[in-house]
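Notes for the one structure printed next.
What follows is calculated from the coordinates using simple rules that are stated; it is not laboratory data. All of these numbers come straight from a predicted model, not from anything done at the bench. For neighbour counting, all protein chains shown are included, and Cβ atoms are generated from backbone atoms with ideal geometry for every residue, glycine included.
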Amino acid sequence: MTERLDLRGKTITTHIVGRAADVLDRMADGDVLELRTDDAEFIDHDLRVWCRSNGTEILSSGCAEGAVRYRLRRHGTAPPGFSLALVISQDGLEQLLSPLGFALAAALEGAQVSLYFQGPAVRALTPRFRPRLHGLSRPFTVFARRGLERAGHASPQEKIAQLRRLGARLYACGPSMQRFGVDREGLLYDDIVVAEYLTFMDVLRRSDIHLYT
């Protein structure tokens, strides 16, 4: 059986790969996913790296009329994963894109991801948080959000939910929660660990890759 997924117009590769992974996970052995994307070098490169990292075979690919059609089939065993520990400190629209994007990319490649939210970033762990642009660009936040959504960027809460489904562990800095008015009961999930530096230092000590933003 062949299923089809058309993601032309989306330029965020974690969105493309995440959607493809959801479909492949539901398919039976031997089924094929026909994926269509824009013809972009960075999409092609990221997709091929992801396929190599998790045991997905690219049966064929071809370009026509500005789009690329891939035929994918999941098989074999993915190589051993790695671990990523990421500290997120800022809550601006532009400051959250890259750290959450790196975290999603790692999780989609099978990594065990741990995220520590500190400073104003703890607000991203609340249901009603809406990130904004900073400085003189702030009045244009709505337009920026719409453009990001068209490209495939989900809201921070949606990305955090996807990370959690992929097994990510979430930590919130307790003093930062007090400083920025975030209550324990107001967090997105009950299993978020509220701690401080010593707890996450233990996570960092046991992780292969460290990122700080």
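Descriptive notes on the structure:
- Of the chymotrypsin sites (Phe, Trp or Tyr not before Pro) in region 154-211, the ones in a loop by DSSP (not H, G, I, E or B) with at most 11 other beta carbons within 10 Å are 189.
- Beta bridges by DSSP in the chain, antiparallel share as percent, to the nearest 5: 40
- Using only alpha carbons, region 103-204 has a radius of gyration to Kirkwood radius ratio (Rg to Rh) of 0.99.
- Cβ-to-Cβ counts within 10 Å put 213, 11, 56 in ascending order as 213, 11, 56, the fewest first.
- Once the mean of 1/r is taken over each pair of separate Cα atoms and inverted, the chain shows a Kirkwood hydrodynamic radius of 18.5 Å.
- Per-residue ³J(HN,Hα) for region 137-153, Karplus 6.51 cos²θ - 1.76 cosθ + 1.60, θ = phi - 60°, Hz, x for Gly and Pro: 7, 3, x, 9, 4, 4, 5, 5, 4, 4, x, 5, 5, 4, 6, x, 6
- Which of 1, 177, 27 has the fewest Cβ neighbours within 10 Å, and the rest in rising order: 1, 27, 177
- Pair residue 138, residue 189: separation of 7 Å Cα→Cβ label points (nm): 3.1
- Ordering 17, 144, 42 by Cα displacement along the dipole of the chain toward the positive end leaves 144 in first place; charges were set at the Cβ atoms of Lys, Arg (+1) and Asp, Glu (-1).
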